[in-house]
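Take a look at the structure below.
The values are calculated or read from the model by the stated rules, or taken from the named source; none is laboratory data. Everything numeric in this text was worked out from a predicted model, so none of it was measured. Neighbour counts are summed over all protein chains in view; Cβ atoms, including those assigned to glycine, are modelled from backbone coordinates with ideal geometry.
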């Protein structure tokens, strides 16, 4: 039986980036980095990070010392299992694709452990940076500090890409055992909380009513709630809804 994260960890090393290469200097000049954000690029060809920037500012690790396995492992314990499994399932989905790979990415809200032991709330986005012959060869990760995030018991994530619906649907299926909610589920739930009927929500998203039911009704079982009112209350209590 595989542990969450085994697949992702099997594909990466902890070798830090050599920031003195011409490639790293070009990344430094061309990649936009926002305040309180750390960025990495990992190369599956070189089996190492090929760029890292901003890590000492947000998590206390120097850019030339942090490695990919460290970035993975400093996830706070309450988010670690879900984060590892999301990484695995998302990467497996993307590896099954062969076109427009650079348009695929996913996000998750979590906490990372600073080198000094404090917890840092982040929105993490991981995507394909470069592909060759229908395979991803480099991935990019952006870790943005966001102190306004309110965490409850529920993990929040989203999937993006040309086949976004199938991507998120597959993640929802694979991650059903976790206390988690996807962006699409959250958007539909927000309209339910505002009093919209399933029919009205379907019209709003230009999908069928059954598609909306498939987003909302499984949440009853996932969060162990008995009614729509109970689901909405649970969502506010766990900061799924603002």
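Let's see how each residue does on (1) in contact with a strand residue (DSSP E or B) (Cβ under 6 Å, 6 or more places away or on another chain); (2) surrounded by 14 or more Cβ atoms within 10 Å (Cβ to Cβ):
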{"position": "120", "(1), (2)": "yes, yes"}
{"position": "127", "(1), (2)": "yes, yes"}
{"position": "132", "(1), (2)": "no, no"}
{"position": "139", "(1), (2)": "yes, yes"}
{"position": "153", "(1), (2)": "no, no"}
{"position": "160", "(1), (2)": "yes, yes"}
{"position": "170", "(1), (2)": "no, yes"}
{"position": "199", "(1), (2)": "no, no"}
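Among 74, 94, which is touching a strand residue (DSSP E or B) at 6+ places or on another chain (Cβ under 7 Å) and either outside the structural domain of residue 46 (by TED's automatic domain parsing) or surrounded by fewer than 20 Cβ atoms within 10 Å (Cβ to Cβ) (or both)?
Working: 94 fails: either outside the structural domain of residue 46 (by TED's automatic domain parsing) or surrounded by fewer than 20 Cβ atoms within 10 Å (Cβ to Cβ) (or both).
After ruling out the rest, the residue left standing is 74.
When the stretch 172-194 is limited to residues that are touching a strand residue (DSSP E or B) at 6+ places or on another chain (Cβ under 6 Å) and assigned to a helix (DSSP H, G or I), the one that is nearest to residue 94 (Cα to Cα) turns out to be 172. If we keep just the residues of the stretch 44-65 that are in a loop (DSSP other than H, G, I, E, B) and touching a strand residue (DSSP E or B) at 6+ places or on another chain (Cβ under 6 Å), which is surrounded by the fewest Cβ atoms within 10 Å (Cβ to Cβ)? Among those that are in a loop (DSSP other than H, G, I, E, B) and touching a strand residue (DSSP E or B) at 6+ places or on another chain (Cβ under 6 Å), it is 45.
Against the list (1) touching a helix residue (DSSP H, G or I) at 6+ places or on another chain (Cβ under 7 Å); (2) under 18 Å from residue 122 (Cβ atoms); (3) not in a strand (DSSP E or B), the condition residue 18 fails is (2).
Checked against the criteria, residue 193 does not count as in contact with a helix residue (DSSP H, G or I) (Cβ under 7 Å, 6 or more places away or on another chain) and free of Cβ contacts under 8 Å to residues at least 12 places away in the same chain.
Which of (1) in the same structural domain as residue 84 (by TED's automatic domain parsing); (2) under 23 Å from residue 122 (Cα atoms) is the odd one out, the single condition residue 136 does not satisfy? Here residue 136 clears every test but (2).
Taken over the stretch 222-241, the criterion of being outside any helix (DSSP H, G or I) and more than 20 Å from the chain's Cα centre (by Cα) is satisfied by 224, 225, 226, 227. Cβ separations smaller than 7 Å between residues 6+ apart or across chains give the following pairs from the stretch 220-242 residues that are free of Cβ contacts under 8 Å to residues at least 40 places away in the same chain to residues that are buried (at least 17 other Cβ atoms within 10 Å of the Cβ) and in a helix (DSSP H, G or I): 220/231; 225/231; 225/234; 228/192; 234/223. Of the strands (runs of 3 or more DSSP E) lying entirely inside the stretch 93-170, those containing at least 1 residues that are in contact (Cβ under 8 Å) with a residue 24 or more places away in the chain and more than 30 Å from residue 234 (Cα to Cα) span 119-132, 135-145. Flag not set for residue 8, criterion: out of contact with any strand residue (DSSP E or B) (no Cβ under 7 Å at 6 or more places or on another chain), assigned to a helix (DSSP H, G or I) and closer than 21 Å to residue 115 by Cα.
Among the residues making up the stretch 195-221, a single one is assigned to a loop (DSSP other than H, G, I, E, B) and closer than 23 Å to residue 179 by Cα: 217.
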